[in-house]
Amino acid sequence: MAKAKKRSRLFLTAAAALLVAGALLAAFWPKPMMVDMGDVTRATMRLTIDEEGRTRVRDAYVVSTPVSGQLQRVIVQPGDPVLRGETIVAHMRPTNPAVLDVRNREQALAAVTAAEAAQRVARADLNAALANRDLAETELSRTEQLVERGIASDAALDRARQAARVAQANVDTAEAAISMREAEIANAQAQLIGFDDQGLGAILGGPSDDIPLYAPADGRILRVIQQSETTLPSGAPIMEIGNISDDLEVVVELLSTDAVQVSVGDPVVIADWGGGTELTGEVARIDPFGITQFSALGVEEQRVNAVIAFASPASDYAGLGHGFRVEVRIIVWEAADALIVPSSAVFRSRGEWAVFAVADGSAELRIVELGPNNGIQAQVTGGLTEGDRVILYPSSGLSEGMRVAERVIN
């Protein structure tokens, strides 16, 4: 009986020791590191330059004042349709001449009197020149008859012809002088024009002297620069007209380091413009000069304007107008069937690109060859195959051969 009890105690003690040893072993047994994993896949990959842009009308027309005058209140509104050469978009009146004071009027009157006197002198000179010409022509005719009879010499005939030509030149000079005096009289009389002149209305084109301004192109009013009635100099802008239905383009300001990667004809995806679908386009032009700008953080940047033409039909972006904000993605590289690895799995190891691949539950360091990298995905040209699993965001405590397990996020 005592031996049976002794064996039972030994058995229970051994069992308790085994349980304690198993618990200690389980507690101190190395556990696999929890990591995030991703797959190496094949898909279409793009390398894009993402930037914010704005729409604009390609050929916008600015309506300006043709002469200095008083602009009447503009009644057209932004968005109104206009037809080239038919729609009147504004009215203006020419500026009235300045009022003459007593001294300036007396000086102008004296100038008119002097110009009229000079004209009379010019007419008298013309009469004298005509008399001399008639005499020279008579002398020339008489000399020609004498030469034919052999009485006068050829030298006398030459002198008579010269005198006739000189007399004709004097007549031409006198007639030109009369034209000059008439112009001086007109100029002097113009100095007398004032607000109270009865002939002012006739000179300016009638009692209303209204100057209508017609639309220079088909389209819509984009904006009205000057709407209130006011006096403007010649060439002052009044409004801007453009065709937003089929003449829109997108302008995007690229960093100069990005602009050198873009070529004319590169496809573009236009997104976040407010519509339900993305639009397509292509790069039409890249300006050859850069502009210095400052970012929101005060960093100096060199920006280059790139013009993007819409490839989608105009009906797809009917809601867009001039100066609207859009997001553009310029595709500078694209591969239809590329082997892709997440960029977060790639790191530098001894001057080469490497990843931690998962093989039989352990981390395996692999050297890889990469192509373009867009920051989210990278093209793999060597070192991995489709279906391989890699560790994302590998920590500094991870080393080759360590046991790993995928982290499950509930």
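The values are calculated or read from the model by the stated rules, or taken from the named source; none is laboratory data. Everything numeric here is computed off the predicted structure, so don't read it as measured data. Quick reminder, even Gly has a Cβ in these numbers, built from the backbone with ideal geometry, and neighbours come from all protein chains shown.
Here is a check on your reading of the model: is Gln119 under 60 Å from the mean Cα position of the chain (by Cα), assigned by TED's automatic domain parsing to the domain that holds Ala164 and either part of a helix (DSSP H, G or I) or closer than 21 Å to Ala160 by Cα (or both)?
Details: under 60 Å from the mean Cα position of the chain (by Cα): yes; assigned by TED's automatic domain parsing to the domain that holds Ala164: yes; either part of a helix (DSSP H, G or I) or closer than 21 Å to Ala160 by Cα (or both): yes.
Spelling it out, Gln119 is indeed under 60 Å from the mean Cα position of the chain (by Cα), assigned by TED's automatic domain parsing to the domain that holds Ala164 and either part of a helix (DSSP H, G or I) or closer than 21 Å to Ala160 by Cα (or both).
In region 135-150, which residues are part of a helix (DSSP H, G or I) and free of Cβ contacts under 8 Å to residues at least 24 places away in the same chain? Spell out the reasoning first.
Residues of region 135-150 that are part of a helix (DSSP H, G or I), as a first pass: 135-149.
Scanning region 135-150 gives Thr138, Ser141, Arg142, Thr143, Glu144, Gln145, Leu146, Val147, Glu148, Arg149.
Please list, ordered by residue number, the strands (runs of 3 or more DSSP E) wholly in region 304-410 having 1 or more residues that are of a type in the set (S, T, N, Q). Write out each step before concluding.
Numbers: elements: 325-342, 347-349, 352-359, 362-367, 369-373, 377-382, 389-392, 404-406.
Counting at least 1 such residues, we get 347-349, 362-367, 369-373, 377-382.
Cβ contacts < 9 Å: first residue on the phi < 0 side of the Ramachandran plot and assigned by TED's automatic domain parsing to the domain that holds Glu139, restricted to region 153-175; second residue surrounded by 12 or more Cβ atoms within 10 Å (Cβ to Cβ) and outside any helix (DSSP H, G or I), any location; separation 6+ or different chain. Result?
That search, which allows pairs on different chains as well, returns Ala160/Ala152.
Kindly indicate which of Glu278, Glu300, Glu282 is farther than 14 Å from Thr55 by Cβ and surrounded by 15 or more Cβ atoms within 10 Å (Cβ to Cβ). It would help to see each step written out before you state the result.
Working: Glu278 fails: surrounded by 15 or more Cβ atoms within 10 Å (Cβ to Cβ); Glu300 fails: surrounded by 15 or more Cβ atoms within 10 Å (Cβ to Cβ).
Of the residues listed, the single one that is farther than 14 Å from Thr55 by Cβ and surrounded by 15 or more Cβ atoms within 10 Å (Cβ to Cβ) is Glu282.
Would you check if Phe310 is aromatic (Phe, Trp, Tyr), farther than 16 Å from Asp50 by Cβ and out of contact with any Asp or Glu (no Cβ under 9 Å at 6 or more places or on another chain)? Don't jump to the end; show me each part of the working.
Values: aromatic (Phe, Trp, Tyr): yes; farther than 16 Å from Asp50 by Cβ: yes; out of contact with any Asp or Glu (no Cβ under 9 Å at 6 or more places or on another chain): no.
Criteria not met by Phe310.
Determine which single condition Thr292 fails, assuming it passes every other condition in (1) among the polar types (S, T, N, Q); (2) within 26 Å of Gly321 (Cα to Cα); (3) free of Cβ contacts under 8 Å to residues at least 24 places away in the same chain.
Result: Thr292 passes all but (2).
When you go through (1) of a type in the set (S, T, N, Q); (2) under 30 Å from His322 (Cβ atoms); (3) touching a helix residue (DSSP H, G or I) at 6+ places or on another chain (Cβ under 7 Å) one by one for Gln119, which number turns out not to apply?
With respect to (1) of a type in the set (S, T, N, Q); (2) under 30 Å from His322 (Cβ atoms); (3) touching a helix residue (DSSP H, G or I) at 6+ places or on another chain (Cβ under 7 Å), Gln119 is out only on (2).
May I ask you to verify whether Thr87 is surrounded by 14 or more Cβ atoms within 10 Å (Cβ to Cβ), within 57 Å of the chain's Cα centre (by Cα) and of a type in the set (Val, Ile, Thr)?
On the way: surrounded by 14 or more Cβ atoms within 10 Å (Cβ to Cβ): yes; within 57 Å of the chain's Cα centre (by Cα): yes; of a type in the set (Val, Ile, Thr): yes.
So Thr87 fits the description; yes.
Sort through Phe324, Phe310, Phe289 and tell me the only one that's of a type in the set (A, V, I, L, M, F, W, C), outside the structural domain of Ile221 (by TED's automatic domain parsing), closer than 30 Å to Asn243 by Cα and touching a Ser or Thr at 6+ places or on another chain (Cβ under 7 Å).
On the way: Phe310 fails: touching a Ser or Thr at 6+ places or on another chain (Cβ under 7 Å); Phe289 fails: touching a Ser or Thr at 6+ places or on another chain (Cβ under 7 Å).
Among Phe324, Phe310, Phe289, only Phe324 is of a type in the set (A, V, I, L, M, F, W, C), outside the structural domain of Ile221 (by TED's automatic domain parsing), closer than 30 Å to Asn243 by Cα and touching a Ser or Thr at 6+ places or on another chain (Cβ under 7 Å).
Any residue that is farther than 30 Å from Gln72 by Cβ, more than 60 Å from the chain's Cα centre (by Cα) and either surrounded by 15 or more Cβ atoms within 10 Å (Cβ to Cβ) or of a type in the set (Lys, Arg) (or both) - is there at least one of those in region 90-113?
No.
Within region 171-278, which strands (runs of 3 or more DSSP E) (wholly inside it) include 3 or more residues that are farther than 25 Å from Ser68 by Cα and modelled with pLDDT of 85 or more? Steps first, answer last, please.
Details: elements: 211-214, 219-224, 230-232, 237-242, 248-255, 267-271.
Because the criterion is at least 3 residues that are farther than 25 Å from Ser68 by Cα and modelled with pLDDT of 85 or more, the strands (runs of 3 or more DSSP E) in region 171-278 that meet it are 248-255, 267-271.
On the given criteria, is Phe324 among the aromatic types (Phe, Trp, Tyr) and either surrounded by fewer than 18 Cβ atoms within 10 Å (Cβ to Cβ) or more than 25 Å from Arg58 (Cβ to Cβ) (or both)?
Numbers: among the aromatic types (Phe, Trp, Tyr): yes; either surrounded by fewer than 18 Cβ atoms within 10 Å (Cβ to Cβ) or more than 25 Å from Arg58 (Cβ to Cβ) (or both): yes.
Here the answer is yes, as Phe324 does meet what is asked.
Kindly indicate which of Gly38, Gly53 is surrounded by 14 or more Cβ atoms within 10 Å (Cβ to Cβ), of a type in the set (Gly, Ala, Ser) and out of contact with any helix residue (DSSP H, G or I) (no Cβ under 9 Å at 6 or more places or on another chain).
On the way: Gly38 fails: out of contact with any helix residue (DSSP H, G or I) (no Cβ under 9 Å at 6 or more places or on another chain).
The conditions single out Gly53.
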